[in-house]
Amino acid sequence: MTMTLPQVTRFPESPYLSEEGRRMRDAVRAAAPGLAERAREGELRGALAPETVSVLHEIGVFRITIPVELGGFALGARDTTEVVRELGRIDGSAGWTVIVSSASRSALALDDRVKDEVFADIETWQGPLLFGATVFAPKVGDGRKVEGGWMVKGRWAFGSGCKIAKWGSVGFEYDDPDTGERRRAMGLLSPEQYTIVDDWQVMGMSATSSNSVQVDEEVFVPEYRVIHTMDMPARMDALRGKYQGVGFMHSAIGTMVATTTAFAALALGMTEGALDAFVEQAAKRPPFNLPYPNMAAMASTQVVAGKARAVINTAAAVIERQVDEIDRRAVAGEDFHPWEEPEITMDLVHQIHECLRVIDGLQLALGSSTVGLSNPIQRFVRDVHVLATHGAFRIDPMAEINGRDIFGFEPLPVMAALSSPPPGKLPPNPVNGNVPGPVPRPA
């Protein structure tokens with residue numbers, strides 16, 4: 001078990017941290033020893049250990065983004081990052097699974113029958129209610145219209161949480177029966193309709209069960225379990241204010257940015273966990289070739305630790321500022337402007353990569369003792385690298401998006417750029433003809 005550094009703050013507690021968020025965060029903190037002990041078991045299973053899932057279910061973390069009216073908590077951005085950051089200190093895969101469990105929110109945009117089906121077992125189902133697999137990826141499945149619904153087949157990668165989720169959401173393309181155009185939709189599948197492929201053999205985040213799911217022979221998806229991609233933005237935006245809780249006061253861009261802050265908070269938590277382990281181990285371990293009683297007495301070790309804490313404090317300041325602003329605007333009924341999103345996201349992605357560099361440095365400073373699979377530092381190294389390679393968090397593409405904006409170029413026709421047209425301009429090649437109007441920037 002690793003030593004936990006004192007958690008002392010020099011700043012007032014955020015007014016946007018709710019009692020429920022505080023309770024969850026503290027419950028995760030109290031459960032930390034057992035969660036840490038089972039982290040390796042989760043890696044070997046390729047999914048969170050059953051006891052870990054049970055503990056997290058009891059705490060309620062899989063219901064963070066579910067409406068209060070349906071048995072959830074509808075927590076805001078600050079609450080979510082506090083919980084995820086605490087999980088990151090223990091097990092990155094657990095934190096990742098909690099973040100992606102927010103996929104259940106998409107079910108609210110469909111017919112009320114879907115809502116009744118998906119949330120029927122909310123009190124008893126242990127794990128995420130819904131996972132999403134390549135809904136918006138370049139390659140999705142295939143569908144065709146039939147009476148009463150759709151016949152769907154395909155293979156969908158990166159279904160995080162699929163081994164412990166109740167439902168799956170997948171993307172598919174189809175020929176519009178009226179126009180013949182190729183369009184996209186998202187459909188909900190029940191577990192008996194797909195098989196899980198044993199392809200999540202990876203260097204890190206192994207317990208997220210981010211396997212592919214596959215449908216070889218067409219399965220029927222009723223019309224009410226399908227939503228067309230072009231309809232999703234408006235449907236999701238219509239959820240704002242429909243349910244109780246700060247989580248349903250966020251604008252569409254606020255919700256998107258809140259998700260990115262959660263992943264940045266996960267990287268921050270992993271960095272804190274790695275530093276905890278580093279401090280404990282350095283105090284016990286003698287250096288290989290220097291006459292110090294332990295590595296903690298070495299100036300070079302102290303420098304590494306000092307720099308690590310500075311990065312942690314900086315990342316925390318950036319993340320906490322953003323989540324509080326997200327919640328502040330939500331409560332005030334204020335929107336984020338589209339041109340604000342790239343800069344905010346870039347700041348957060350930058351913090352993820354700074355955390356990666358710190359965790360790498362901690363391992364290198366401590367040496368070969370960290371490479372054993374029982375040592376949590378090596379798991380933090382592997383997990384943060386997988387987090388940072390996610391398409392949404394690769395720093396150079398995100399920097400290019402921001403650089404184009406700085407120099408006044410139009411955004412490229414990619415998903416991130418499409419979400420953030422510069423003022424008065426439209427991105428080229430808008431998807432499916434769903435063209436937004438010009439977005440003027442105030443003087």
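Computed from the coordinates by the stated procedures, all read-outs in this text should not be read as laboratory data. From a predicted model like this one, the values you see are computed outputs, not experimental measurements. Note that each Cβ is placed from the backbone with ideal geometry, even for glycine, and that neighbours are counted across all protein chains shown.
Does any residue of the range 230-243 turn out to be part of a loop (DSSP other than H, G, I, E, B) and farther than 30 Å from GLY76 by Cβ? Can you show your working first?
So the first thing to find is which residues in the range 230-243 are part of a loop (DSSP other than H, G, I, E, B), and the list is 238-243.
From what's left, farther than 30 Å from GLY76 by Cβ: none.
There is no residue in the range 230-243 that is part of a loop (DSSP other than H, G, I, E, B) and farther than 30 Å from GLY76 by Cβ.
Just to be sure, is GLY95 among the small types (Gly, Ala, Ser), within 30 Å of ALA282 (Cβ to Cβ) and within 20 Å of the chain's Cα centre (by Cα)? Judged against the criteria, GLY95 is a match.
Yes/no per residue for (1) hydrophobic (A, V, I, L, M, F, W, C); (2) within 24 Å of GLY247 (Cα to Cα); (3) touching a strand residue (DSSP E or B) at 6+ places or on another chain (Cβ under 9 Å); (4) surrounded by 15 or more Cβ atoms within 10 Å (Cβ to Cβ):
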{"residue": "ALA120", "(1), (2), (3), (4)": "yes, yes, no, no"}
{"residue": "THR124", "(1), (2), (3), (4)": "no, yes, no, no"}
{"residue": "MET151", "(1), (2), (3), (4)": "yes, no, yes, yes"}
{"residue": "GLY161", "(1), (2), (3), (4)": "no, yes, yes, yes"}
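Does at least one position in the range 26-40 carry a residue that is closer than 26 Å to GLN244 by Cβ and either basic (Lys, Arg) or in contact (Cβ under 8 Å) with a residue 24 or more places away in the chain (or both)? Yes: one or more hits. On the stretch given as the range 319-341, residues that are in contact (Cβ under 8 Å) with a residue 40 or more places away in the chain and part of a helix (DSSP H, G or I) total 13.
Scan ALA296, ALA274, ALA315, ALA267 and give me the residue that is surrounded by 14 or more Cβ atoms within 10 Å (Cβ to Cβ), among the hydrophobic types (A, V, I, L, M, F, W, C), over 30 Å from ALA103 (Cα atoms) and out of contact with any Lys or Arg (no Cβ under 7 Å at 6 or more places or on another chain).
Working: ALA274 fails: over 30 Å from ALA103 (Cα atoms); ALA315 fails: over 30 Å from ALA103 (Cα atoms); ALA267 fails: over 30 Å from ALA103 (Cα atoms).
After ruling out the rest, the residue left standing is ALA296.
Every listed requirement among (1) part of a helix (DSSP H, G or I); (2) under 29 Å from GLN244 (Cβ atoms) is met by LYS307 save one, (2). Per the listing VAL257, VAL213, VAL219, VAL202, the residue uniquely surrounded by fewer than 21 Cβ atoms within 10 Å (Cβ to Cβ) and closer than 25 Å to GLY95 by Cα is VAL202. Within the range 80-95, residues that are among the hydroxyl-bearing types (Ser, Thr, Tyr) sit with their Cβ atoms under 9 Å from residues that are outside any helix (DSSP H, G or I), at 6+ positions apart or across chains, in these pairs: THR80/ILE64; THR80/THR65; SER93/ALA47; SER93/LEU48; SER93/GLY204; SER93/MET205; SER93/SER209. The set of residues in the range 371-391 that are aliphatic (A, V, I, L, M), in a helix (DSSP H, G or I) and loosely packed, with under 14 Cβ neighbours inside 10 Å contains only VAL371.
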